[in-house]
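A.B. asks: I'd like to ask some things about the structure below.
Any read-out appearing in this document is the output of simple, stated calculations on the displayed coordinates, not a laboratory observation. Given the structure is predicted, the values throughout are model-derived calculations rather than measurements. With ideal geometry, Cβ positions are generated from the backbone for all residues, glycine too; neighbour counts draw on all protein chains shown.
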Protein chains: 2
Amino acid sequence: MRIVFIGSGNVATHLARALKNAGHEIAQVYSRTQEHAAALAQATGAEFTSELSEIRTGADTYVFSVKDDALEPLLRNMPETNGIWLHTAGSVPADIFRSHVSDYGVLYPLQTFSKKREVNFSEIPLFIEANNEGTSRKIEQLAKSISEDVRYLSSEKRQYLHLSAVFACNFSNHMYVLASEILAAQGIEFDVLKPLIAETAAKVAEMAPKQAQTGPAVRFDEKIIEKQIRLLNDDTTKNLYRLISESIHKRSKND
Amino acid sequence: MRIVFIGSGNVATHLARALKNAGHEIAQVYSRTQEHAAALAQATGAEFTSELSEIRTGADTYVFSVKDDALEPLLRNMPETNGIWLHTAGSVPADIFRSHVSDYGVLYPLQTFSKKREVNFSEIPLFIEANNEGTSRKIEQLAKSISEDVRYLSSEKRQYLHLSAVFACNFSNHMYVLASEILAAQGIEFDVLKPLIAETAAKVAEMAPKQAQTGPAVRFDEKIIEKQIRLLNDDTTKNLYRLISESIHKRSKND
C-alpha cells in the first residue's frame, strides 16, 4: 500500500518504520513541525511537508497519528483525498471521520513507544475497526502485514482498553518514578530495583495480578503502612500511598 | 553452615531452598503452623517443629523470616542459642535483636516471592548488615554463596529501600490489578496487556523511569483525563486516577 502519515510522534515513527519494513511505501509524512516531518520521512524514504494543502491525494491509506485534541481541527483542514483514513488513538471513536471521508477506521497498537527504543512490532496487539466491510478487510490486511496479533474492537470498548493501558503502563511507570526518587534521596542507585521490577512484570505473564500481589497493604500490616507514610516527604505522595494501600486492602478483604 | 529457619512463608521458602542448593544444611524449620513448617522442612531435608521450646540451640545461624509484627513477641519467647540471629525484613532495624543475642544482623533480599514461582536467586540483590565485624564477614559469606549481588546497607537506609520497593513492585502490581478489572468488565482478556506490561518494565532497565513516561497525564491531555475518569465506576479508583495523573503532571512541569 501507498501510505501517507499525518503526524510524526512516537506512534507514527514506530508504525511507519514497521510498515516500511513490511514492504509498504511510505509516500509522505506531514507534521506541523517541518523538522519532525523531515526526520520520519528520511527514516522511511518518504517525502515530507508541513502544509496540509500539500498532502498528496492519491495514496491508499492516510494514517492520522497525532494528539487526540489535535485530530478534530486537523480534519477540518484536510484536503479531499482518495483512500482510507485511519487513526491510531485509543480513546477517539472511529466516527470522528464520518463527515470527512467514505472509508475510514482505526488501527490502535497497544504498546508504549519511545523514540529511542526498538520494539518488536510483530508481538504488539493491534485493535482495528472500520466503517464498512471492504475497508475492514483492507485494514486487517495492513495490520496483519506487521503484527501476528490483530483483533477487532469497537470504539466503545477500545476506550476501556486504553484506560486499562493507562493503569498497566503509564501509572505503573509512575510508581517506578516515585521509587527512583525515594532511592535518589538516599543516594541508592535505581539499578537495585531492576530485578524486582522485571520479576513483578514477569509474574503477571503467568498468574493473575491479584494472585501476584505481595507487600504490607495486602497483609494489612498497619504498623508498617503508617511507618512508611511517615518516611515520605510530600503530601501528594503520602495521599497516593494511603489510597493505593486502601485499594489493595479492599480487594484482599473481598476474597 | 547449619541453619535454622524461624518462619516458613514465601521469603523463608525461597531463601531456604537457595541456601540448601548452595550446600548449606537446613537443620530445622519452625512455624507456628505445623503443616507449614513440615512443608518447608520436607523441601529442604530439615526437621520441623511448631514449638519454640524445641528449637535446636547448636546451629550456626538462625534466620527469622516472619511478619514484621510477629518478630518482637517471638524473640521474647525464643530459647537461648549459639550462633548468629538474622532477619530478612526491609523495615525492621537490626537492633531488634540487641537485648537477645550477641551476634546479629540482617539479610534482606530485594525481590517479590510467590510460592509457586521459581526465581533465580543469584540475581537478587541482598542487603546485609551486622552488629560486629566477625558477624558481618559470616553474613557476607552466607549471602555471597547464593547471590552475586551482595551490598551493605544500614537499617536507616534499608527502610527507604523497602519503601521504594513497595512502589516499584506492590503498587505497580496493583495498577495491573485495576487494569485487569477494567478489562474483565468489558469481557476483554487480560492477555492483551502482557506485551505492554513487559515492555513498560523492560524500558526502565535501559532508561530512567521519568524519561520512559508516556500517556495522557504526562502530555496533560485534560480532555482525555476527564473522559477516562468518567469511565471508572468507583470513587476510590477515580480518586486514584486523578491523584496519580496530578503526580505525573507535576513532575513533567518541573522539567
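A.B. asks: If I take R0 = 60 Å and measure r between the Cβ atoms of A:Asn77 and B:Asn21 in this structure, what FRET efficiency does the formula 1/(1 + (r/R0)^6) give, to the nearest 0.05?
C.D. replies: Once rounded, the FRET efficiency stands at 0.35.
A.B. asks: From other protein chains only, count the Cβ atoms within 10 Å of every residue's Cβ in A:218-228, then give the mean.
C.D. replies: Average per residue, whole number: 4.
A.B. asks: Could I ask something else about it? For A:Tyr30, A:Tyr152, B:Tyr62, what ranking results if the residue with the fewest other Cβ atoms within 10 Å of its Cβ goes first?
C.D. replies: A:Tyr152, B:Tyr62, A:Tyr30
A.B. asks: Now for a separate question. Can you sort A:His36, A:His174, B:His100 so the residue with the fewest Cβ neighbours within 10 Å comes first?
C.D. replies: Going from least to most buried by this count: B:His100, A:His36, A:His174.
A.B. asks: Just tell me how shielded A:156-163 is by partners: mean number of partner chain Cβ atoms within 10 Å of each residue's Cβ, no decimals.
C.D. replies: Averaged over the peptide's residues, the number is 6.
A.B. asks: Further question on the same structure: With a Förster radius of 60 Å, plug the Cβ-Cβ distance of A:Glu35 and B:Thr236 into 1/(1 + (r/R0)^6) and report the FRET value to the nearest 0.05.
C.D. replies: Efficiency, rounded to the nearest 0.05: 0.85.
A.B. asks: Shifting gears a bit: Given the options A:Ile128, A:Val29, A:Asn170, identify the residue whose Cα lies farthest towards the positive end of the charge dipole of the protein assembly as shown (+1 on Cβ of Lys, Arg; -1 on Cβ of Asp, Glu).
C.D. replies: Highest projection toward the positive end goes to A:Asn170.
A.B. asks: In Å, what Kirkwood hydrodynamic radius results for chain B from the alpha-carbon pair distances?
C.D. replies: Averaging 1/r across every pair of different Cα atoms and inverting gives 20.7 Å.
A.B. asks: Residue by residue through B:68-79, how many Cβ atoms from other chains fall within 10 Å of the Cβ on average?
C.D. replies: Partner-chain Cβ atoms within 10 Å, mean over residues of B:68-79: 1.
A.B. asks: Here's a follow-up. Less than 17 Å apart at the alpha-carbon level, and either on another chain or at least 8 residues along: which aspartates and glutamates does that give for B:Lys253?
C.D. replies: By straight Cα distance, B:Lys253 reaches A:Glu181, A:Asp234, B:Asp221, B:Glu222.
A.B. asks: Taking a point 7 Å out from Cα toward Cβ as the label site, list the nm distances between B:Arg151 and the same residue in every other copy, smallest first.
C.D. replies: Sorted ascending, the copy-to-copy spacings read 3.8 nm.
A.B. asks: Determine, for B:Asp149, B:Asp234, the number of other Cβ atoms within 10 Å of each Cβ, and report the residues in order from fewest to most.
C.D. replies: In order of increasing Cβ crowding within 10 Å: B:Asp234, B:Asp149.
A.B. asks: Among the aspartates and glutamates, which fall within straight-line cross-link reach of B:Lys138, defined as a Cα-Cα distance under 17 Å, with same-chain neighbours fewer than 8 residues apart omitted?
C.D. replies: Within reach: B:Glu25, B:Asp60, B:Asp103, B:Glu129, B:Glu148, B:Asp149.
A.B. asks: If the label for B:Asp69 sits 7 angstrom from Cα along the Cα-to-Cβ line, what are its distances to the same label in every other copy, in nm to one decimal, shortest first?
C.D. replies: Label point to label point, same position, other copies: 4.6 nm.
A.B. asks: Using modelled amide H (1.01 Å from N, peptide plane; none on Pro or chain starts), what sits under 5 Å from the amide H of B:Glu47, excluding residues fewer than 5 places away?
C.D. replies: Amide H to amide H, under 5 Å and 5 or more residues apart or across chains, B:Glu47 pairs with B:Gln28, B:Val29.
A.B. asks: Test of understanding: in a Gaussian network model of chain A with alpha carbons linked when under 10 Å, which of A:Gln42, A:Gln28, A:Gln228 would top the mean-square fluctuation ranking?
C.D. replies: In this elastic network of chain A, the residue with the biggest mean-square fluctuation among A:Gln42, A:Gln28, A:Gln228 is A:Gln228.
A.B. asks: Turning to a different aspect of this structure: Given axes a ≥ b ≥ c from the Cα gyration tensor, I'd like to know whether segment A:37-169 is rounded (a/c under 1.5), prolate (a/b larger than b/c) or oblate.
C.D. replies: rounded
A.B. asks: Convert 25 °C to kelvin, take the viscosity as 0.890 mPa s, use the Kirkwood radius over C-alpha pairs of segment A:1-104 as Rh, and evaluate the Stokes-Einstein diffusion coefficient in µm²/s, rounded to a whole number.
C.D. replies: 184 µm²/s
A.B. asks: In addition: Applying the Karplus parametrisation 6.51 cos²θ - 1.76 cosθ + 1.60 with θ = phi - 60° to the phi angles of segment B:52-63, what ³J(HN,Hα) value in whole Hz is obtained for each residue in order, glycine and proline being reported as x?
C.D. replies: For segment B:52-63, the Karplus-derived couplings read 4, 5, 8, 5, 5, 9, x, 7, 7, 9, 10, 9 Hz, x marking Gly and Pro.
A.B. asks: Distances from A:Ser53 to the same position in the other copies: list them in nm, one decimal, shortest first, using label points 7 Å from Cα along Cα→Cβ.
C.D. replies: Ordered by distance, the counterparts are at 9.7 nm.
A.B. asks: Of the residues A:Gly45, A:Gly83, A:Gly134, which exhibits the maximal mean-square fluctuation in a Gaussian network model of chain A defined by a 10 Å Cα contact cut-off?
C.D. replies: With Cα springs under 10 Å in chain A, the top fluctuation among A:Gly45, A:Gly83, A:Gly134 is at A:Gly134.
A.B. asks: Compute the whole-percent fraction of alpha carbon pairs in the protein assembly as shown spaced more than 39 Å apart.
C.D. replies: Cα-Cα pairs in the protein assembly as shown separated by more than 39 Å: 35 percent.
A.B. asks: Right, something else. Using unit Cβ charges (K, R positive; D, E negative) and no other charged atoms, how large, in debye to the nearest 20, is the dipole of chain A about its Cα centre?
C.D. replies: Roughly 540 debye, rounded to the nearest 20.
A.B. asks: If you don't mind, another one. Out of A:Arg117, A:Arg230, A:Arg158, any idea which swings most in a Gaussian network model of chain A, alpha carbons joined below 10 Å?
C.D. replies: Largest GNM mean-square fluctuation: A:Arg230.
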